[in-house]
Amino acid sequence: MDTVKLNNGVEMPQMGYGVYQVSPAECERCVSDALKVGYRMIDTAQAYHNEEGVGNAVGKSGIDRKEIFLVSKVWISNYGYEKAKASIDESLRKLQTDYIDLMLLHQPFCDRYGAYRALEEAYKDGKLRAIGVSNFYPDHFIDLASNVEIVPAVNQVETHVFDQQTEPQKIMEEFGTRIMSWGPFAEGRNGFFTNPLLAGIGGKYGKSVAQVALRWLIQRGVIIIPKSTHIERMRQNIDIFDFSLADEDMAAIATLDTGRSLFFDHHDAETTRMFMGWK
Ligand SMILES: NC(=O)c1ccc[n+]([C@@H]2O[C@H](COP(=O)([O-])OP(=O)(O)OC[C@H]3O[C@@H](n4cnc5c(N)ncnc54)[C@H](OP(=O)(O)O)[C@@H]3O)[C@@H](O)[C@H]2O)c1
């Protein structure tokens, strides 16, 4: 598995397995399958309500904890210094571990500075090996990264062939922050899995649309966490390290960018109102 070095020297697998929309009941089985087929990084969040399932699967796997890279996220209802601090301890308890490899602030709303201070403190206490943010687009990202003591190691944002984040990635890199993709298949939206350009490129390499889309992100230096509840797809998605896309194919895929989210715009008033409803 390829790894990337974060801005504090910590090595992180470039590919992992995400468990958004995996029910608490199914999560343990899914993470066990993912570990079985070779994934060593798991991305969960307080808001997914399945950290316990991740912890159970890791505990029962027989794999050394040090071989597994755990990522979680603090939800906005736990923002502010005191609540975020308590919620980190709660995540540690649910994940059944005494450290989390990477902890992110999930959204750029509410008291994010207070919450980030709790991340910094837990990092210094050895409870978190690296800290970062998610869904922080250039305005919020530059603001936070310029005003905190510990610059985020990672920023996890929607990134896929239809919303490529090329400029935001450059800005993150100016700060030494790694881009991590959520929704690498755009959850199948916009005819993702039957896209003719991706299918045509896949045909040249004997690879599926999903594999081409993931390989393209890997070659851009993006950290990826595709989700599937099916073990065959988990296996297919991780089988992307035995080929390389040629420059011409990378360039062709770049033309699919619309520069727009397929989900929600974090700068839109309605989106902000929606998140305030989830506090
Ligand atoms: N930070 C954030 O705000 C945020 C937001 C969203 C997601 N995330 C993270 O990013 C991870 C990935 O994003 P996502 O789960 O939203 O969506 P995604 O990975 O883009 O897409 C998942 C969808 O693709 C299907 N799929 C997976 N592999 C496939 C394949 N090889 N062929 C055909 N279909 C396939 C899955 O179906 P099946 O499961 O039925 O196989 C599922 O419907 C999440 O699990 C989560 O960890 C973070």
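Per-structure values
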| item | result |
| --- | --- |
| The stretch 28-91: C-alpha gyration tensor shape, a/c 1.5 cut-off, then a/b vs b/c | prolate |
| Label point distance in nm, Phe175-Arg273, each placed 7 Å from Cα along Cα→Cβ | 2.9 |
| Summed residue charge, Cβ within 12 Å of Ile76's Cβ, Lys/Arg positive, Asp/Glu negative | +3 |
| DSSP-assigned coil residues among GluC sites (Glu not before Pro) in the stretch 138-230, each with at most 10 further Cβ atoms within 10 Å | Glu149 |
| The stretch 189-265 and the stretch 64-140: distance between their alpha carbon centers, rounded to Å | 29 |
| Label-point separation in nm, Ser244 to Asp257, each point 7 Å along Cα→Cβ | 2.2 |
| Sequence ranges 88-98, 242-252, 215-225, ranked by mean other-Cβ count within 10 angstrom, highest first | 215-225, 88-98, 242-252 |
| Ranking by accessible area, most exposed first, for Asp43, Asp139 with a 1.4 Å probe | Asp139, Asp43 |
| Links that overshoot a 20 Å alpha carbon limit, given the list Lys73/Lys170; Lys170/Lys279; Lys127/Lys279; Lys83/Lys127 | Lys73/Lys170; Lys170/Lys279; Lys127/Lys279 |
| Cα-based convex hull, the stretch 3-276, per residue volume (Å³, whole number) | 122 |
| Estimated vicinal HN-Hα couplings, Hz - the stretch 71-83 in sequence order (Karplus 6.51, -1.76, 1.60; Gly, Pro = x) | 10, 9, 9, 8, 7, 4, 5, 9, 7, x, 4, 5, 5 |
| Distance (nanometres) between label positions extended 7 Å along Cα→Cβ at Tyr113 and Tyr99 | 3.0 |
| Residue-normalised accessible area of the stretch 3-276, expressed per residue, 1.4 Å probe, Å² | 41 |
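The values are calculated or read from the model by the stated rules, or taken from the named source; none is laboratory data. Source: prediction; values computed, not measured. For neighbour counting, all protein chains shown are included, and Cβ atoms are generated from backbone atoms with ideal geometry for every residue, glycine included. For the accessible areas, the whole protein counts, side chains as well, though only heavy atoms, and no ligand, DNA or RNA atoms are used. Shrake-Rupley method; radii C 1.70, N 1.55, O 1.52, S 1.80 Å.
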